[in-house]
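Remarks on the structure that follows.
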Amino acid sequence: MANSGSSYPEHLEPYLEALKRAASLIKNGSDSEQSDGLKTVLRISRSLESSAENYGFPDLSEAAMQIENAFDHETIERVENLIALMERLSTAGIEKQKVILIIGKDGETTKSIRSNLSTASKVIIATSAFQMEEIFSKYEISLILMDLLMEEADIRSLTIKMFKRAAAADIPVIALFAKGSAMTKTECFAYGVVDYFEKPYDIELLNATVSARIHLTSEYKRVSPQKRHVTIGFAEIDNFKSIVQNRSDPFTETINKRIASIFTECFRKSDHFEKCGTGSFVTVFPDTHLEGAIAAFQKVQSALKKKSITTSEGKSLKVTFTAGIAELTEGSTVKDVVVKASQLLRHSRSVGHVGFIATRSITASSLGRVIIAEDDDLTASVVRHRLELDGYNVEHFRDGASALKASKHGNISLFILDAKIPVMNGFELIENIREDKNFNNVPIVMLSPPAREGDVVRAFELGADEYITKPFSPVELKARIDRLMMRDK
């Protein structure tokens, strides 16, 4: 279901029909039909749980999750609740008033911000999760100002949930800090914050920023509606300890600043760069795929080769760095991605690749095999490239029979099947895969041209875990795959 948040409900119909058929089997079918219906319901609910949250429909995501956690006697009631909610969303089309939303725990602070805003838009305050959800349901949000307390565990999950929902709907978020740590700021920018202000605020600058962001976002939505992609890089200066050994703290800080200035000169204004330790830096690249982040770091490497850093004694230092880069995918947190990037960096150094930009482990993959059954070589090559960047061992077959034969060698982590492949089509291949007990829990992703409703229903009933319509974004496909692999692990 590759679509914008606003059009998401329009694409629920095939899933709704499949759920209704499965619910009928659970209520009225034989024992085997009830079992098949339940399997179909669980597959669809897992898919909806992810996509609904991603496109800004947390109520639908929550209803889908409730099915996975249900006891047997509760299942049919929760399925019917999900069906009713999907029907309401499919028919909803009410025009909403545009507002600026201020979210904060401190009522006095949020009121002060509202009174100082110079805007023609209506400004509404939310101080609780309930108020926030109610406002999202009633109004179209133009911009969010959030008074942040990210270190407080009780509102951290709410904050992250709000960021994801805002990002899915392309709502700009401006964060307001008392004092933010490097990790807090990194998290905020990765989840979609466009600007931040530290207290005490410059009210004139805040007003100008609010006005500009609302205008820029409306233009961006008009010409380029698309899903946000975020990549995070973790870099460390090579041999930094030996560079600053027996030096004073001011010298270390000066070197840090000079190196940091070279990084920031090479990055875009939208990239968020933070020093997170002595000789260590983390960078958030918004709206950037892995290849873009690699290019940015390569630009820094070239700049460092041309520029030398001069010490107070007049000595010239040549500086290099090693970096790890990872993408923020569905189901992962910013901290997870920073940790992954730092692990890639350390692994690169451990195998002697100093000064390397690492996007995957250098050693052979332990992630298992991925079988792609796809007769379109271009589609297969795009999918294969994305998965091999993560270290998967990918095998491509142009017909279903060859793919099935190859699967008998075992250690399969994932199947990606096209519906219309020759010899044995994708639906027949799913059926054969699920007949093998060894593949009961192996995820299956079905790819298809714009599908008839019956094809979606059939795929889920046979055992597919995801159904993705062509054309699709390779990054969106990878996000779906990451979620499936994390679920099974």
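The values are calculated or read from the model by the stated rules, or taken from the named source; none is laboratory data. All values reported here derive from a predicted model rather than from experimental measurement. No Cβ is skipped: glycine too gets one built from the backbone with ideal geometry, and neighbour counts run over all protein chains shown.
When we screen PRO449, PRO443, PRO422, PRO474 for residues that are under 17 Å from THR40 (Cβ atoms) and not aliphatic (A, V, I, L, M), the only hit is PRO443. Of all residues in the stretch 259-282, those being in a strand (DSSP E or B) and over 13 Å from PHE297 (Cα atoms) number 6.
Looking at the stretch 110-136, which of its residues are in a helix (DSSP H, G or I), hydroxyl-bearing (Ser, Thr, Tyr) and modelled with pLDDT under 75? Across the stretch 110-136, there are no qualifying residues. Applying a threshold of 6 Å to beta carbon distances and a minimum spacing of six or more residues, or different chains, the list of pairs starting in the stretch 255-277 at a residue that is among the charged types (D, E, K, R) and ending at one that is outside any helix (DSSP H, G or I) and modelled with pLDDT under 85 reads ARG258/ILE309. Taking ARG258, is it basic (Lys, Arg) and modelled with pLDDT of 75 or more? Yes; evaluated as a whole, the condition is true for this residue.
Of all residues being buried (at least 20 other Cβ atoms within 10 Å of the Cβ) and within 19 Å of GLU395 (Cβ to Cβ) in the stretch 350-378, which is modelled with the lowest pLDDT? Just the residue, please. Restricting to residues being buried (at least 20 other Cβ atoms within 10 Å of the Cβ) and within 19 Å of GLU395 (Cβ to Cβ), the top hit is VAL370.
Within the stretch 26-47, does at least one residue satisfy the condition of being within 23 Å of ILE135 (Cα to Cα), within 25 Å of the chain's Cα centre (by Cα) and in contact (Cβ under 8 Å) with a residue 24 or more places away in the chain? Checked the stretch 26-47: no residue is within 23 Å of ILE135 (Cα to Cα), within 25 Å of the chain's Cα centre (by Cα) and in contact (Cβ under 8 Å) with a residue 24 or more places away in the chain.
Does the stretch 225-248 contain any residue that is modelled with pLDDT under 70 and in a helix (DSSP H, G or I)? No, that holds for no residue. Taking the stretch 261-272 as the range and being surrounded by fewer than 21 Cβ atoms within 10 Å (Cβ to Cβ) and aromatic (Phe, Trp, Tyr) as the test, only PHE267 passes. In the stretch 212-239, the residues that are hydrophobic (A, V, I, L, M, F, W, C) reach residues that are modelled with pLDDT under 75 and not in a loop (DSSP other than H, G, I, E, B) with C-beta atoms within less than 6 angstrom, at least six apart or across chains, in these pairs: VAL230/ALA190. Filtered by the rule that a residue be on the phi > 0 side of the Ramachandran plot and either of a type in the set (D, E, K, R) or touching a helix residue (DSSP H, G or I) at 6+ places or on another chain (Cβ under 8 Å) (or both), the stretch 260-280 gives a lone residue, GLY279.
Taking the stretch 439-470 as the region of interest, how many residues are assigned to a loop (DSSP other than H, G, I, E, B), of a type outside the set (A, V, I, L, M) and either buried (at least 18 other Cβ atoms within 10 Å of the Cβ) or in contact (Cβ under 8 Å) with a residue 40 or more places away in the chain (or both)?
Final tally of qualifying residues: 5.
If you go through the stretch 403-438 and keep only what is in contact (Cβ under 8 Å) with a residue 24 or more places away in the chain, farther than 24 Å from GLU476 by Cβ and in a helix (DSSP H, G or I), you end up with LEU404, ALA406, SER407, GLU428, GLU431, ASN432, ARG434, ASN438. In the stretch 379-402, the qualifying residues are those that are part of a helix (DSSP H, G or I) and in contact with a helix residue (DSSP H, G or I) (Cβ under 9 Å, 6 or more places away or on another chain), and the one that is surrounded by the fewest Cβ atoms within 10 Å (Cβ to Cβ) is HIS385.
Of the residues in the stretch 283-310, how many are part of a helix (DSSP H, G or I) and either surrounded by 14 or more Cβ atoms within 10 Å (Cβ to Cβ) or not polar (S, T, N, Q) (or both)? So the count comes out to 15. Listed conditions (1) in the same structural domain as THR278 (by TED's automatic domain parsing); (2) at pLDDT below 75 are all met by GLY180, apart from (1).
In this structure, does PHE57 turn out to be modelled with pLDDT under 80 and assigned by TED's automatic domain parsing to the domain that holds GLY37?
Criteria met by PHE57.
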